[in-house]
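See below for the structure under consideration.
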Amino acid sequence: MLRYTIRRLVQLVGVVLVLSLLLFAWMRLLPGGPVSALLGDRSTPEKAAELTKQLGLDQPIFVQYIKFLGRAATGDFGVSTGVQPGDSALDIFLQRFPATIELSFFAIVIAIAIGVPLGYLAAKRRGGWFDNFSVIGSLIGVAVPVFFLAYVLKDAASVGLGLPSQGRQGDINATRVTGFFTLDGVLTGEWDATFDALEHLILPSIALATIPFAVIFRITRAAVLDVLDEDFVRTAEAKGLTAQLIRRRHVLRNAMLPVVTTIGLQTGALLSGAVLTEKVFSIPGVGQALAIGFERRDYPVLLLLIIMATIVYVVVNLLVDLSYALIDPRIRTR
Amino acid sequence: MALLEVRDLTVVFQRKGEEPFRAVDGVSFDVEPGQTVGLVGESGCGKSVTSLAIMGLLPKRGAKISGTVKYDGTDLLKLSDKEMRDRRGRDLGMVFQDPLSSLNPVVPIGLQVTEVLERHRGLSRKEAMIEAKNLLDKVGIPDPNRRLKEYPHQLSGGMRQRALIAIALACRPKLLIADEPTTALDVTIQAQILSVMKELVQDLGTALVMITHDLGVVAGLCDEVNVLYGGKVVEKAMRHKLFAEPRHPYTHGLLASIPRLDAAPGEKLTPIKGSVADNIPWEHGCAFAPRCPNALDVCVQVTPPEEDQLGRLLRCHNPVVPGTPAAEEVPV
């Protein structure tokens, strides 16, 4: 298990290196660049040449890349040119990461908390109105674009329910400890700050949760349908066990393997969904920085954020793979 | 009074847009306390559906069950889901065909044994574990303490079936239903499993309903035998009588199709010709008639009634005369 984990982490280093090289090259192939983004209308050939030199963009691309790697090894990922000009890319990431984690965490929690029980019930009542209704509902969940739903929620639900239509901003009047708004309030005992942060998270996390919810629901339903047909469920029934025990110990435990896999894969969808959700709800997270960084061709920030997103994705999926062993003893002994 | 009284048990499967299918058609039999009764027949004769109907394990939707299944005087078919759950595992135990798929792959063997003890005998997990160890010991699983912690894939096929027998008998039910318990096992293991079951059933005084297509299993185990064909009992007799003088042509055919050690070398087996697919509906005569060597004209016109004749219950217009050799040889 330990060897497996180490091997996967070594692989991750390789992935990050290759990815950084590709990103480095691709970003410089994009039309425009930080120079024209910064100078805009005031651009003259002289000014542009000067800024290009200042940013080091006049050097051959592989020289730039080697220099980047050298600086990255010391923790210096360059200085932002567009998102928060002058700030270091790493600081921007560290400032914004907690907001995105909070948003994604609540979104996936909502998706699991609703998707798994609903998937189980739909499978149990296969072909009934509840099943049909939720299958159609989940289709809508997958099909409706996040940005559209986000706007609908923002405009309709915030007015109708009086919920905040924007994410929590960084200017909150509370003690910061970890950077996570919800967690800080708990740690410092400032419960109103936690409550406030949660309230601000409701609509964005619902918007972000729809697609993962729909996917988790469908996978759970299919997995439970498979397991319900298994002989060991009949054995459990023949023992006269209570319906709850059969559900928990015999059906859900066996159905969880594909569901856990899906949850891992959905983290990728969450990260891309976060870009749109954060933009719509003005949440100062990584997604928003990515959107702005892309508009303004902020190479250092884009590079770091995308690499970090990749690392999160790979690590989450590694955790998923490791959790298989907890769920299924057949994998453990292999 | 019989421990189990099955009367006119009928199971009709109804699917949308399909003809209703009578899997079990008016089956009646009794099981006395401690007695072993066989239900014999080929695939599709309704023997497994009969057992599932008795256990209340048929799907609620799509299966229409009628008749009565009296256990100790109570009609099990009239019990609520909850009442039936209280009885399953406690009063009635069941062993299934495929021991690997019948055990939960992600739950240790120990827990799969103890959960039934906790449920019906109110034991704590700790007490149940001690009892589970004794049970595994009793069914002949070596090193039970180690096996309790292991998972089904770590056990051999024979050991898995032993574990399932331990589970089914954990609460000392008065009735055990075994549905083809040896079919998925090696021949060498089959005999061991049968002897373990026989021994335990005798020790506990448990009545056994043995469902099988294997007449060898019946010969070694059953007191009384019900031969099923097309969802109906076609011949019911005590074991000795049935083997010595099979009267229904189907029973006769089943016995004649068994390979014999004392047969001359090169002698061919005599199979029953045709397959279940050739059956005619019971309303139009005898379902077996199209495959029957003894068939008369009346067999495809009048449904043979179940009659007490020749010292047994028989459903046949033209029973086999004792001493008849197997029907003419059919090349296989």
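Once region A:110-121 is narrowed to residues that are under 13 Å from A:Phe213 (Cβ atoms) and in contact (Cβ under 8 Å) with a residue 40 or more places away in the chain, the residue that is surrounded by the fewest Cβ atoms within 10 Å (Cβ to Cβ) is A:Ile114.
In region A:315-334, the residues that are farther than 13 Å from A:Tyr4 by Cα and within 11 Å of chain B (Cβ to nearest Cβ) reach residues that are surrounded by 15 or more Cβ atoms within 10 Å (Cβ to Cβ) and among the basic types (Lys, Arg) with C-beta atoms within less than 8 angstrom, at least six apart or across chains, in these pairs: A:Ile327/A:Arg253.
Kindly establish whether B:Lys64 is farther than 25 Å from B:Leu185 by Cβ, in a strand (DSSP E or B), among the basic types (Lys, Arg) and modelled with pLDDT of 95 or more.
No: the conditions fail for B:Lys64.
A residue that is in the same structural domain as B:Ser43 (by TED's automatic domain parsing) and within 25 Å of B:Arg87 (Cβ to Cβ) can be found somewhere in region B:184-197.
Filter region B:84-111 for residues that are more than 8 Å from chain A (Cβ to nearest Cβ) and within 11 Å of A:Ala236 (Cβ to Cβ) and give the result. None - no residue of region B:84-111 is more than 8 Å from chain A (Cβ to nearest Cβ) and within 11 Å of A:Ala236 (Cβ to Cβ), so the list stays empty. Pick from region B:67-83 the residues that are touching a Lys or Arg at 6+ places or on another chain (Cβ under 9 Å) and part of a loop (DSSP other than H, G, I, E, B): which of them is farthest from the other protein chains (Cβ to nearest Cβ)? Result: B:Asp72.
Checking each residue of region B:186-193 against the condition of being charged (D, E, K, R) and farther than 20 Å from B:Ser102 by Cα gives no match. Every test in (1) more than 14 Å from chain B (Cβ to nearest Cβ); (2) more than 21 Å from the chain's Cα centre (by Cα) is passed by A:Thr220 save one, and that test is (2).
Of the residues contained in region A:195-206, none is found to be within 14 Å of chain B (Cβ to nearest Cβ) and surrounded by 21 or more Cβ atoms within 10 Å (Cβ to Cβ).
Kindly evaluate A:Val301 against the criterion of being under 26 Å from A:Pro145 (Cα atoms), crowded, with 17+ Cβ neighbours inside 10 Å and either more than 14 Å from chain B (Cβ to nearest Cβ) or touching a Pro at 6+ places or on another chain (Cβ under 8 Å) (or both). When the stated conditions are applied, A:Val301 does not pass them.
When A:Thr188, A:Thr262, A:Thr182, A:Thr277 are screened for being away from chain B (no Cβ under 14 Å), farther than 30 Å from B:Glu83 by Cα, of a type in the set (S, T, N, Q) and surrounded by 24 or more Cβ atoms within 10 Å (Cβ to Cβ), only A:Thr277 passes.
Residues in region B:84-118 that are out of contact with any helix residue (DSSP H, G or I) (no Cβ under 7 Å at 6 or more places or on another chain), part of a loop (DSSP other than H, G, I, E, B) and acidic (Asp, Glu): B:Asp91 alone.
Within region B:218-226, does at least one residue satisfy the condition of being closer than 20 Å to B:Gly34 by Cα and part of a loop (DSSP other than H, G, I, E, B)?
Yes: one or more hits.
The values are calculated or read from the model by the stated rules, or taken from the named source; none is laboratory data. None of these values were measured; they are calculated from a predicted model. Note that each Cβ is placed from the backbone with ideal geometry, even for glycine, and that neighbours are counted across all protein chains shown.
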